[in-house]
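Novice: Structure provided below as structure tokens; questions to follow.
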Amino acid sequence: MPNLIDLRRRIKSVNNTQQITRAMKTVSTAKFKKAQRAVLEGRPHWHETPAVLGRLAAWAGAGAHPLFAVRPEKRVHVLVLTSDKGLCGAFNSNLLARALEFIRGKAAGAEVRTIVIGKKAARFFAKQPYAVEKAYADKTDKMAEADFAELAAGLGRAFTFQETDAVYVVYNEFKSVLAPRITAVRVLPVILEAGGPGGEADAAGPDWEPAAPWLLAALVPRYLEDQLRHCYGESRAAEEAARMMAMDNASKNAEELIGDLVLVLNKIRQASITKELLEIISAVEAIKQ
């Protein structure tokens, strides 16, 4: 049985850990609210853009822009989004397991190259047999606009010169605080919508101003950049939600552990006091005799 000094030291250690987890929960809550607000405000734009661009692509025709070309998937790029830090439950492990399963499925019929964002993904895929073409593994929680522009331009250039036939993104989509949804979405080529929004007036398509090639040349690269930023924003919100919940659970577990240790401490103290009283009573009885 542990002595009182060891128990008091352990209770103090757990209490210090609890203070840290509570502080981390507070920080994660603030970051989560900021990320959640950005995601919810941007979702109408992000979710409507693919459909709008798909209708424009259908009107313009498959040959109107290089990123509309649909080819057999012989070479595929997969972008995997994780976090730099841990302490967020199964956020990274579940995503990496799902990403590896998705990549293995694609590798059965195509050459797969990966692009990873986050230290967790970089370390994981460094041990896998799939080539990592580019890795963002330093301060990915503060990626700049230039990083998304560079990444989108590189993927668009690779698709245009037929170095890749499709680009997929695997990430955690923020659905609720309790659990994210692991999503694998194709961002290239752009999916052409069949027909226009509806009605006879749409059958002829829009009047392009400026001409269709000029307009699509400005819109399509921006679309790709926005979709990458959307996936990143969803992943950031899901990460902070997962960390907030993990730190909350850790604080509650620490509280329960402290309660159990205090109970053991009190039992030992009570047993010690009882033993001393019995010794005194025995000594008094011996003296009387």
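Novice: For residues in the range 124-159 being aliphatic (A, V, I, L, M) and part of a helix (DSSP H, G or I), which is farthest from residue 81 (Cα to Cα)?
Specialist: Keep residues of the range 124-159 that are aliphatic (A, V, I, L, M), which gives 126, 131-132, 135, 137, 143-144, 146, 149, 151-153, 155, 158.
If we keep only those that are part of a helix (DSSP H, G or I) as well, we get 146, 149, 151-153, 155, 158.
Numbers: 146: 17, 149: 16, 151: 13, 152: 15, 153: 18, 155: 16, 158: 20 Å.
Looking at residues that are aliphatic (A, V, I, L, M) and part of a helix (DSSP H, G or I), I get 158.
Novice: Let me ask you something else. Does residue 26 satisfy being of a type outside the set (A, V, I, L, M, F, W, C) and more than 30 Å from residue 256 (Cβ to Cβ)? Show your work before the answer.
Specialist: Details: of a type outside the set (A, V, I, L, M, F, W, C): yes; more than 30 Å from residue 256 (Cβ to Cβ): no.
Spelling it out, it is not the case that residue 26 is of a type outside the set (A, V, I, L, M, F, W, C) and more than 30 Å from residue 256 (Cβ to Cβ).
Novice: Further question on the same structure: Among the residues of the range 17-29, are any more than 23 Å from residue 253 (Cβ to Cβ), touching a residue at least 40 places away in the same chain (Cβ under 8 Å) and in a helix (DSSP H, G or I)? Outline the logic, then answer.
Specialist: Start the filter on the range 17-29 by keeping residues that are more than 23 Å from residue 253 (Cβ to Cβ), which leaves none.
Scanning the range 17-29 turns up no residue that is more than 23 Å from residue 253 (Cβ to Cβ), touching a residue at least 40 places away in the same chain (Cβ under 8 Å) and in a helix (DSSP H, G or I).
Novice: Have a look at 80, 112, 70 and point out the one that is over 21 Å from the mean Cα position of the chain (by Cα) and either under 30 Å from residue 29 (Cβ atoms) or assigned to a strand (DSSP E or B) (or both). Can you show your working first?
Specialist: On the way: 80 fails: over 21 Å from the mean Cα position of the chain (by Cα); 70 fails: either under 30 Å from residue 29 (Cβ atoms) or assigned to a strand (DSSP E or B) (or both).
Among 80, 112, 70, only 112 is over 21 Å from the mean Cα position of the chain (by Cα) and either under 30 Å from residue 29 (Cβ atoms) or assigned to a strand (DSSP E or B) (or both).
Conditions tested, residue by residue: (1) under 16 Å from residue 247 (Cβ atoms); (2) modelled with pLDDT of 85 or more.
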site: 3; (1), (2): no, no
site: 9; (1), (2): no, yes
site: 22; (1), (2): yes, yes
site: 43; (1), (2): no, no
site: 46; (1), (2): no, no
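Novice: When you go through 145, 101 one by one, which is the residue that is touching a helix residue (DSSP H, G or I) at 6+ places or on another chain (Cβ under 9 Å), assigned by TED's automatic domain parsing to the domain that holds residue 171 and among the charged types (D, E, K, R)?
Specialist: Values: 101 fails: touching a helix residue (DSSP H, G or I) at 6+ places or on another chain (Cβ under 9 Å).
Of the residues listed, the single one that is touching a helix residue (DSSP H, G or I) at 6+ places or on another chain (Cβ under 9 Å), assigned by TED's automatic domain parsing to the domain that holds residue 171 and among the charged types (D, E, K, R) is 145.
The values are calculated or read from the model by the stated rules, or taken from the named source; none is laboratory data. None of these values were measured; they are calculated from a predicted model. When we count neighbours, we look across all protein chains shown, and the Cβ atoms used for this are built from the backbone with ideal geometry, even at glycine.
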